[in-house]
Amino acid sequence: MKKMMGAMIVAGLAASALAGGTAFAQAKGDPVAGKKIFMRCIACHAVQPGAGAKMGPNLAGVVGRKAAAAPGFKYSAAMQKAKIKWDDATLDKWLTRPAAVVPGTSMAFAGLPNAADRANVIAYLKKPN
């Protein structure tokens, strides 16, 4: 009985640790830190409303928008066919590895491996510019 209780406690602690890791990955990021990280992206993406597209689409208001919906940008066929909406979870996956989300995308970006960096960039994109 004691062994069984011990195993249940260990299993419960492990589940709590895993849940905590998930909660951390979904935690709100820091938009100020996200702006610093986003500096890597400004060669290709604008974030100011009304600014034109660059090599990539303007990302102002991207959170909540359907993929391939920013005006003034010619999207790849793969992105035009994608049936995704840019929410926190989709952006996190995209920023991890774009080609895994939309195979055939023309975006040449390997991804951000750090979960905190991704959360910060998403927080920055959610902030009105």
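The values are calculated or read from the model by the stated rules, or taken from the named source; none is laboratory data. Just so we're clear, the structure is a prediction, and the values are computed from it rather than from any experiment. All Cβ positions, even for glycine, are placed from backbone atoms using ideal geometry, and neighbour counts span all protein chains on display.
So which residues in the stretch 105-115 are among the hydrophobic types (A, V, I, L, M, F, W, C), surrounded by 15 or more Cβ atoms within 10 Å (Cβ to Cβ) and either over 11 Å from the mean Cα position of the chain (by Cα) or within 18 Å of Cys44 (Cβ to Cβ) (or both), if there are any at all? Answer for the stretch 105-115, where residues must be among the hydrophobic types (A, V, I, L, M, F, W, C), surrounded by 15 or more Cβ atoms within 10 Å (Cβ to Cβ) and either over 11 Å from the mean Cα position of the chain (by Cα) or within 18 Å of Cys44 (Cβ to Cβ) (or both): Met107, Phe109, Leu112. I'm told Ala33 meets every condition in (1) surrounded by 10 or more Cβ atoms within 10 Å (Cβ to Cβ); (2) under 16 Å from the mean Cα position of the chain (by Cα); (3) among the aliphatic types (A, V, I, L, M); (4) modelled with pLDDT under 85 except one. Can you identify the failing condition by its number? It is condition (4) that Ala33 fails. Inclusion of Lys93 among residues that are among the charged types (D, E, K, R), surrounded by fewer than 18 Cβ atoms within 10 Å (Cβ to Cβ) and modelled with pLDDT under 95 is not warranted. The combined condition, being in a helix (DSSP H, G or I), over 25 Å from Ala110 (Cα atoms), at pLDDT below 95 and not aromatic (Phe, Trp, Tyr), is not fulfilled by Ala23. Identify the residue in the stretch 80-104 that is aliphatic (A, V, I, L, M) and within 21 Å of Lys126 (Cα to Cα) and, among all such residues, is farthest from the chain's Cα centre (by Cα). Across the stretch 80-104, the extreme among qualifying residues is Ile84. Consider the stretch 108-118 and keep the residues that are free of Cβ contacts under 8 Å to residues at least 60 places away in the same chain and among the aliphatic types (A, V, I, L, M). The one that is nearest to Pro57 (Cα to Cα) is Ala108. Tell me whether the stretch 57-79 contains one or more residues that are surrounded by fewer than 16 Cβ atoms within 10 Å (Cβ to Cβ) and part of a helix (DSSP H, G or I). Scanning the stretch 57-79 turns up at least one residue that is surrounded by fewer than 16 Cβ atoms within 10 Å (Cβ to Cβ) and part of a helix (DSSP H, G or I). Of the residues examined, Val47 is not one that is outside any helix (DSSP H, G or I), surrounded by 13 or more Cβ atoms within 10 Å (Cβ to Cβ) and in contact with an Asp or Glu (Cβ under 8 Å, 6 or more places away or on another chain). With the structure loaded, tell me whether Ala100 is part of a helix (DSSP H, G or I) and surrounded by fewer than 17 Cβ atoms within 10 Å (Cβ to Cβ) or whether it fails that test. Yes.
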